[in-house]
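The values are calculated or read from the model by the stated rules, or taken from the named source; none is laboratory data. Just so it is clear, the structure is predicted and the values come from calculations on it, not from any experiment. Positions of Cβ are backbone-derived with ideal geometry, glycine not excepted, and every protein chain shown enters the neighbour counts.
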């Protein structure tokens with residue numbers, strides 16, 4: 001069974017050290033801070049997911065450090081953000097592979113959807129690889145709200161509000177679907193409520 005860590009609206013720095021082999025899932029939800037994820041054992045499979053939804057003048061600043069100290073382990077970070085009004089999102093993500101961590105596999109991806117020209121979205125991935133025989137990738141995209149998709153949905157008799165909600169749901173539910181088997185019903189309800197209320 002996967003071990004699950006849920007971090008909701010946190011505003012302090014946290015360090016997680018994984019010393020036992022196994023599967024771990026971390027879910028970041030509208031949290032700010034520096035988060036260190038230290039893989040200190042072989043045969044660890046760590047998945048870090050996140051959903052960020054910014055409205056009005058909300059500000060999120062997050063730094064994640066995936067630190068591999070032992071070999072033969074896997075880490076995957078995937079964060080999605082949706083922002084409107086004058087909200088701000090600043091993400092810095094580091095993958096660091098230490099000298100003794102050969103045969104490590106690490107991924108990092110950040111995708112953002114921008115609903116307003118007044119938003120400030122900054123995303124910076126980074127790699128530090130100190131050994132050979134590893135596989136690491138990172139990717140980021142920030143897209144403006146897709147008016148063509150909105151037009152298509154409007155033409156199918158959906159009004160603008162319902163169309164926008166449907167697009168936000170489609171964008172964020174990729175993350176929800178990856179973590180829903182590890183979360184209790186109350187948490188899932190909270191996440192779905194955030195998505196529903198986002199464009200009200």
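Tell me yes or no: at least one residue of region 54-72 is in contact (Cβ under 8 Å) with a residue 60 or more places away in the chain and either under 21 Å from residue 174 (Cβ atoms) or outside any strand (DSSP E or B) (or both). For region 54-72, residues in contact (Cβ under 8 Å) with a residue 60 or more places away in the chain and either under 21 Å from residue 174 (Cβ atoms) or outside any strand (DSSP E or B) (or both): present. Pairs linking a residue in region 6-31 that is in contact (Cβ under 8 Å) with a residue 60 or more places away in the chain and on the phi < 0 side of the Ramachandran plot to a residue that is surrounded by fewer than 19 Cβ atoms within 10 Å (Cβ to Cβ) and in a strand (DSSP E or B), with Cβ atoms under 6 Å and 6 or more positions apart or on different chains, are 25/4; 27/6; 29/8.
Scanning region 61-74 for residues that are over 18 Å from residue 4 (Cβ atoms) and surrounded by fewer than 20 Cβ atoms within 10 Å (Cβ to Cβ) gives 61, 63, 65, 69, 71, 72.
Does region 58-80 contain at least one residue that is over 14 Å from the mean Cα position of the chain (by Cα), closer than 23 Å to residue 143 by Cβ and modelled with pLDDT of 95 or more?
Within region 58-80, the subset over 14 Å from the mean Cα position of the chain (by Cα) is 58-59, 67-74.
With the extra rule that they be closer than 23 Å to residue 143 by Cβ, the set shrinks to 58-59.
The next check asks that each one be modelled with pLDDT of 95 or more; those that pass are 58-59.
Within region 58-80, one or more residues are over 14 Å from the mean Cα position of the chain (by Cα), closer than 23 Å to residue 143 by Cβ and modelled with pLDDT of 95 or more.
Return the residue satisfying two criteria in turn: it lies in region 85-99 and is farther than 20 Å from residue 35 by Cα and modelled with pLDDT of 95 or more, and of such residues it is surrounded by the most Cβ atoms within 10 Å (Cβ to Cβ).
Within region 85-99, the first condition is being farther than 20 Å from residue 35 by Cα, and the residues that meet it are 85-87, 99.
Adding the requirement that they be modelled with pLDDT of 95 or more leaves 86-87, 99.
Details: 86: 15, 87: 24, 99: 10.
Checking each candidate, the answer is 87.
Answer yes if at least one residue in region 133-144 is buried (at least 17 other Cβ atoms within 10 Å of the Cβ), under 16 Å from residue 49 (Cα atoms) and either at pLDDT below 85 or in contact with a helix residue (DSSP H, G or I) (Cβ under 6 Å, 6 or more places away or on another chain) (or both), and no otherwise. No: region 133-144 contains no residue that is buried (at least 17 other Cβ atoms within 10 Å of the Cβ), under 16 Å from residue 49 (Cα atoms) and either at pLDDT below 85 or in contact with a helix residue (DSSP H, G or I) (Cβ under 6 Å, 6 or more places away or on another chain) (or both). Only one of the listed residues (123, 104, 87) is within 17 Å of residue 41 (Cα to Cα) and in contact with a strand residue (DSSP E or B) (Cβ under 6 Å, 6 or more places away or on another chain). That residue is 104. Might you let me know whether region 3-21 holds any residue that is modelled with pLDDT of 95 or more, out of contact with any helix residue (DSSP H, G or I) (no Cβ under 7 Å at 6 or more places or on another chain), within 19 Å of residue 125 (Cβ to Cβ) and outside any loop (DSSP other than H, G, I, E, B)? No, region 3-21 contains no residue that is modelled with pLDDT of 95 or more, out of contact with any helix residue (DSSP H, G or I) (no Cβ under 7 Å at 6 or more places or on another chain), within 19 Å of residue 125 (Cβ to Cβ) and outside any loop (DSSP other than H, G, I, E, B). Flag not set for residue 38, criterion: touching a residue at least 40 places away in the same chain (Cβ under 8 Å), part of a strand (DSSP E or B) and over 16 Å from residue 90 (Cα atoms).
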